[in-house]
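The values are calculated or read from the model by the stated rules, or taken from the named source; none is laboratory data. Everything numeric in this text was worked out from a predicted model, so none of it was measured. Please note: Cβ atoms are built from the backbone with ideal geometry, for glycine as well, and neighbour counts cover all protein chains shown.
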Amino acid sequence: MTYQVLARKWRPQMFDAVVGQDAITRTLRNALASGRVAHAYLFTGPRGVGKTTTARLLAKALACTGRGTEPEACGTCASCGDFASGAPVDVLEIDAASNNGVEEIRTLRENVKYAPARGRYKVYIVDEVHMLSGPAFNAFLKTLEEPPDHVVFILATTDPKKIPPTVLSRCQRFDFRPIPPDLLTQGLTEILTQEKVEFDPAALPLLVRAAEGSLRDALSLLDAAIAYGEGRLEESSVAQLLGTSSPVQVRALASALLERDAAAALEAIDRAARQGEDLSGFTRDVVELLRRLLVVKVAPGSPPAELTPAEVAELKTLAEGPSVDELVYCLRVLLEAQAELPRSPYPRVEVEMAAVRATRRPQPQSIETLISKVEEAEKRLRAAGGGGVVPARPQSTQSSLLETPASRPTLPPPGRGPSEGAPPAPARPAPPASSGRGSEAPVAPAGNLGEAWPRVVSAVLAKKALLGSVLQHATPIAVRDGALAVNLVASRFHQELLADRGNRELINQAVAEHVAGARRLEVSAESAPTAGAAGHPAVQAARAAFDAEVVAVRPRAPQDVDTQEGEGQ
Ligand SMILES: Nc1ncnc2c1ncn2[C@@H]1O[C@H](COP(=O)(O)OP(=O)(O)O)[C@@H](O)[C@H]1O
Ligand SMILES: [Mg+2]
Ligand SMILES: [Zn+2]
């Protein structure tokens, strides 16, 4: 038994079976039922969307003598029999693409005047009519101008722009549309089921996308994929056949990025690389997937046209996790990497770095949360005002400004700072072990520091004003191993001042006196190298609130200063 290609085997035998051209088939069926048939039809549209198929169905119905007022050919009359045997007497099909047609058109002109052998009509189908040579076209035009009543022309073309207006004006025109992805999927599914081919539904979107709206292309690809998969249809083998990146790895990388799982992301890249994927194509496919997520997230009502509803539904589920900003962030990072790929001596490293960066994107926060955090930060700063001391706050943790780490149970619950409008220290409820030397807790509650630190500063100020003023800019962090850690961005001069042995002793004394569990001061290393502004309490607060990094510190232009101070409180 010879194998018949699917596109041939499954050419629709009824108007009903024509997929995705409902408006056209309905109009034609109405015309056939009512007998109001035009003398010339022009079918335009891309390849493989049903033009020739519909032309033949129309011809068969016109030639049929047994259909009465039914729009479909009866299938049993002599004319329909001719069709079945492949030799319809009253239908002539000319393929202008395979020869320029001069000979055929001449025969056609000879023939049109003779009455049909069987029924009411003689039908001439001229496929790819734009390919007719100049002389053939001219000869054809003459016939088209005054066709005998029993003649119907059906012209089909993929390139209507090449059809002269004189022809266009004589034809009833039907524009065939690319077949939407969901209908292509449905068509393929039906054929696969009837052909009893085992298939992985995930393989279909790949075929459908590659077919670009053409059912013929989809079926040809299906032929190839079935042969390639030795009778089965798998997503991976279809991807290989089409030369697209493995969708499994593309999805794996995309979801690893969205889940901030750097390890899984690197694994996906590794698997793709080991499967011999071209990293640039792979990255492009991940970008494409993220772009689709972004589109369904931002405009759920108008998903990308190339997707089937099932794919859209899947994307929508995937898109529930990340915020729009996160998707944009990941896209930006990957696009930058992709731009670097052709230049880079280490393309894989580029992709890996991008993946890791994307997983380390800032945490999404609702704008309301951010605003409330900024407001709270402002309050704290204002409250801390005068002495320039910010209430105790662990600066090195990743937690946001107002959230209380679980390890500091004596602080009030997060969100509502107790310090609304009040000076910081007294506003805090006094924790049980708030003061007194000798209580040797390994880590003093931060709440204590809010009270204790200003006392340290005052004590130092009283003895050495300059030294005390330096300490005013420090932020206490915590007491660890007998040392009070503070965060301080100090100039070189201040650093020297703090390093001075006598000064250190003075400070340590004050610390031992006022801070429970601490005997000395430790200036936090993290703040030492950062210059000026980066250590400013407002910047620190913003960093904590936005989980941000200080990227650069630039001197402020004079006019900025003016504006700032102009728009006062
Ligand atoms: N709209 C459609 N509905 C069902 N099958 C189609 C359709 N379009 C194309 N096909 C399939 O593709 C094959 C080629 O279609 P054809 O009508 O020759 O396309 P065109 O003339 O538009 O290039 C058909 O035999 C059929 O199997
Ligand atoms: Mg055709
Ligand atoms: Zn018939």
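Tabulated data for the structure shown
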| quantity | calculated |
| --- | --- |
| Meets criteria (among the acidic types (Asp, Glu), in a helix (DSSP H, G or I), within 19 Å of Pro454 (Cβ to Cβ) and modelled with pLDDT of 60 or more) for Glu505 | no |
| Residue match in the stretch 474-495 (condition: at pLDDT below 85, crowded, with 20+ Cβ neighbours inside 10 Å and part of a helix (DSSP H, G or I)) | no |
| Entirely in the stretch 37-126, the helices (runs of 4 or more DSSP H) that have 2 or more residues that are of a type outside the set (Lys, Arg), assigned by TED's automatic domain parsing to the domain that holds Ser169 and within 16 Å of ligand 3 (Cβ to nearest atom) | 51-63, 78-85 |
| Residues of the stretch 251-261 satisfying the condition of being farther than 17 Å from Arg332 by Cα, in contact (Cβ under 8 Å) with a residue 24 or more places away in the chain and crowded, with 17+ Cβ neighbours inside 10 Å | Arg251 |
| Hey, Val129 at pLDDT 90 or above and out of contact with any Lys or Arg (no Cβ under 6 Å at 6 or more places or on another chain) or not | yes |
| Residue within the stretch 173-182 that is over 30 Å from Ala38 (Cβ atoms) and surrounded by fewer than 17 Cβ atoms within 10 Å (Cβ to Cβ) present | yes |
| Total residues in the stretch 295-344, condition of a type in the set (S, T, N, Q), in contact (Cβ under 8 Å) with a residue 24 or more places away in the chain and assigned to a helix (DSSP H, G or I) | 1 |
| Where Val5 falls short, out of the listed (1) within 13 Å of ligand 3 (Cβ to nearest atom); (2) surrounded by fewer than 15 Cβ atoms within 10 Å (Cβ to Cβ); (3) touching a residue at least 12 places away in the same chain (Cβ under 8 Å) | (1) |
| Cβ-Cβ under 7 Å pairs, at least 6 apart or on other chains, the stretch 445-458 side not assigned by TED's automatic domain parsing to the domain that holds Arg520, far side modelled with pLDDT of 85 or more and surrounded by 23 or more Cβ atoms within 10 Å (Cβ to Cβ) | none |
| Any chance Gly468 is outside any helix (DSSP H, G or I), at pLDDT 70 or above and over 53 Å from the mean Cα position of the chain (by Cα) | no |
| Matching residues, the stretch 72-104, being buried (at least 21 other Cβ atoms within 10 Å of the Cβ), touching a residue at least 40 places away in the same chain (Cβ under 8 Å) and under 47 Å from the mean Cα position of the chain (by Cα) | Ala96 |
| Residue check, Ile105 aliphatic (A, V, I, L, M), within 13 Å of ligand 1 (Cβ to nearest atom) and touching a helix residue (DSSP H, G or I) at 6+ places or on another chain (Cβ under 7 Å) | no |
| Residue list for the stretch 246-274, restricted to those being among the small types (Gly, Ala, Ser) and closer than 17 Å to Asp200 by Cα | Ser246 |
| Which listed residue, of Ala202, Ala268, Ala210, Ala224, is of a type in the set (Gly, Ala, Ser), farther than 29 Å from Ala61 by Cβ and assigned by TED's automatic domain parsing to the domain that holds Asp325 | Ala268 |
| Some residue of the stretch 50-62 being over 29 Å from Leu188 (Cα atoms) and either more than 16 Å from ligand 2 (Cβ to nearest atom) or surrounded by fewer than 20 Cβ atoms within 10 Å (Cβ to Cβ) (or both) | yes |
| Helices (runs of 4 or more DSSP H) contained entirely in the stretch 145-261, each with at least 1 residues that are under 26 Å from Pro12 (Cα atoms) | 181-195, 203-211, 215-228, 235-242 |
| Any hit, the stretch 1-19, residues being in contact with a strand residue (DSSP E or B) (Cβ under 8 Å, 6 or more places away or on another chain) and within 29 Å of Asp223 (Cα to Cα) | no |
| Test: residue in the stretch 32-48 that is within 16 Å of ligand 2 (Cβ to nearest atom), more than 37 Å from the chain's Cα centre (by Cα) and surrounded by fewer than 21 Cβ atoms within 10 Å (Cβ to Cβ) | no |
| Given (1) within 34 Å of the chain's Cα centre (by Cα); (2) not assigned by TED's automatic domain parsing to the domain that holds Val49, index of the condition Thr158 fails | (2) |
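Yes/no per residue for (1) closer than 30 Å to Ala485 by Cα; (2) at pLDDT below 80; (3) of a type in the set (Val, Ile, Thr); (4) not assigned by TED's automatic domain parsing to the domain that holds Ala272:
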position	(1), (2), (3), (4)
Ser302	no, no, no, no
Ala313	no, no, no, no
Ser323	no, no, no, no
Tyr346	no, no, no, no
Ala355	no, no, no, no
Val374	yes, no, yes, yes
Leu381	yes, no, no, yes
Leu402	yes, yes, no, yes
